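Chemist: The structure that follows is given in the form of structure tokens.
The values are calculated or read from the model by the stated rules, or taken from the named source; none is laboratory data. Not measured: the values here are computed from a predicted model. With ideal geometry, Cβ positions are generated from the backbone for all residues, glycine too; neighbour counts draw on all protein chains shown.
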């Protein structure tokens, strides 16, 4: 069930998460839509990773803020996401920060996958830019009957695959033997 929330009633960690999402929206590259979106994810350890939307002249190559935030967390080994906040606002005339911004379908799928990896039904805070409206829901509510690792029989495979990945990278990072001293021939 989607629950309307007031910013003041949220816990300190949830307010910090939402503030981080709104703050990073200032980094959006949105010259085509004039609509800035910021997202912030929080891991179980309390670490926050952020991302902003990135538009492109070919439109279809844009990146949503949620993708950027999840990618930032993954790049820092933050696979244990427990919550995400999304804040958006139109910053070109007519400016509008009053509408709740929710993750698109693609982002809902990515958040669902992150929830499966973390073993948590990720909490999603969808917010208006002025934070006057905040809706909280679990990703399972925003994307019911989602398709994911379990449908492919992979729900327990990632830890082993990840260990193999880490092992491979570690092998490649082994220092190579130092080059032999060059041989100089006197003439």
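Chemist: Every residue in the range 15-47 that is buried (at least 24 other Cβ atoms within 10 Å of the Cβ), within 13 Å of the chain's Cα centre (by Cα) and assigned to a strand (DSSP E or B), please.
Modeler: Result: 37, 38, 39, 40, 41, 42.
Chemist: Would you mind telling me which numbered condition in (1) assigned to a strand (DSSP E or B); (2) over 17 Å from residue 52 (Cα atoms) residue 78 fails?
Modeler: (1)
Chemist: Going by the conditions given, is residue 130 under 14 Å from residue 35 (Cα atoms) and either surrounded by fewer than 18 Cβ atoms within 10 Å (Cβ to Cβ) or at pLDDT below 95 (or both)?
Modeler: Details: under 14 Å from residue 35 (Cα atoms): yes; either surrounded by fewer than 18 Cβ atoms within 10 Å (Cβ to Cβ) or at pLDDT below 95 (or both): yes.
Criteria met by residue 130.
Chemist: Is it the case that residue 121 is within 20 Å of residue 11 (Cβ to Cβ), modelled with pLDDT of 95 or more and surrounded by fewer than 19 Cβ atoms within 10 Å (Cβ to Cβ)? I'd like the intermediate steps shown before the answer.
Modeler: On the way: within 20 Å of residue 11 (Cβ to Cβ): yes; modelled with pLDDT of 95 or more: yes; surrounded by fewer than 19 Cβ atoms within 10 Å (Cβ to Cβ): yes.
The answer is yes for residue 121.
Chemist: For the range 85-106, what are the residues that are in contact with a strand residue (DSSP E or B) (Cβ under 8 Å, 6 or more places away or on another chain) and closer than 27 Å to residue 156 by Cβ?
Modeler: 103
Chemist: So which residues in the range 133-150 are in a helix (DSSP H, G or I), modelled with pLDDT of 95 or more and surrounded by fewer than 19 Cβ atoms within 10 Å (Cβ to Cβ), if there are any at all? Steps first, please.
Modeler: Of all residues in the range 133-150, those in a helix (DSSP H, G or I) come to 139-142, 149-150.
Then drop every residue that is not modelled with pLDDT of 95 or more, which leaves 139-142.
Listed by number, the residues that qualify are 140, 141.
Chemist: Same structure, new question: Can you find a residue in the range 64-72 that is at pLDDT 95 or above and outside any helix (DSSP H, G or I)? Reasoning before the result, please.
Modeler: So the first thing to find is which residues in the range 64-72 are at pLDDT 95 or above, and the list is 64-72.
Now drop any that are not outside any helix (DSSP H, G or I), which leaves 64.
Looking for residues that are at pLDDT 95 or above and outside any helix (DSSP H, G or I), one finds at least one in the range 64-72, hence yes.
Chemist: Just one of the numbered conditions (1) within 20 Å of residue 12 (Cα to Cα); (2) crowded, with 18+ Cβ neighbours inside 10 Å is not true of residue 103; which one?
Modeler: Residue 103 satisfies every listed condition except (1).
Chemist: Being out of contact with any helix residue (DSSP H, G or I) (no Cβ under 6 Å at 6 or more places or on another chain), at pLDDT 95 or above and outside any loop (DSSP other than H, G, I, E, B) is true for just one of 109, 99. Which residue is that?
Modeler: The match here is 109.
Chemist: Would a scan of the range 59-82 turn up a residue that is buried (at least 17 other Cβ atoms within 10 Å of the Cβ), within 20 Å of residue 1 (Cα to Cα) and touching a residue at least 12 places away in the same chain (Cβ under 8 Å)?
Modeler: So far as the range 59-82 goes, yes, one or more of its residues are buried (at least 17 other Cβ atoms within 10 Å of the Cβ), within 20 Å of residue 1 (Cα to Cα) and touching a residue at least 12 places away in the same chain (Cβ under 8 Å).
Chemist: Considering the range 87-96 alone, what residues qualify as being surrounded by 12 or more Cβ atoms within 10 Å (Cβ to Cβ) and assigned to a loop (DSSP other than H, G, I, E, B)? Can you show your working first?
Modeler: Kept after step one, since they are surrounded by 12 or more Cβ atoms within 10 Å (Cβ to Cβ), are these residues of the range 87-96: 87-92, 96.
Result: 91, 92.
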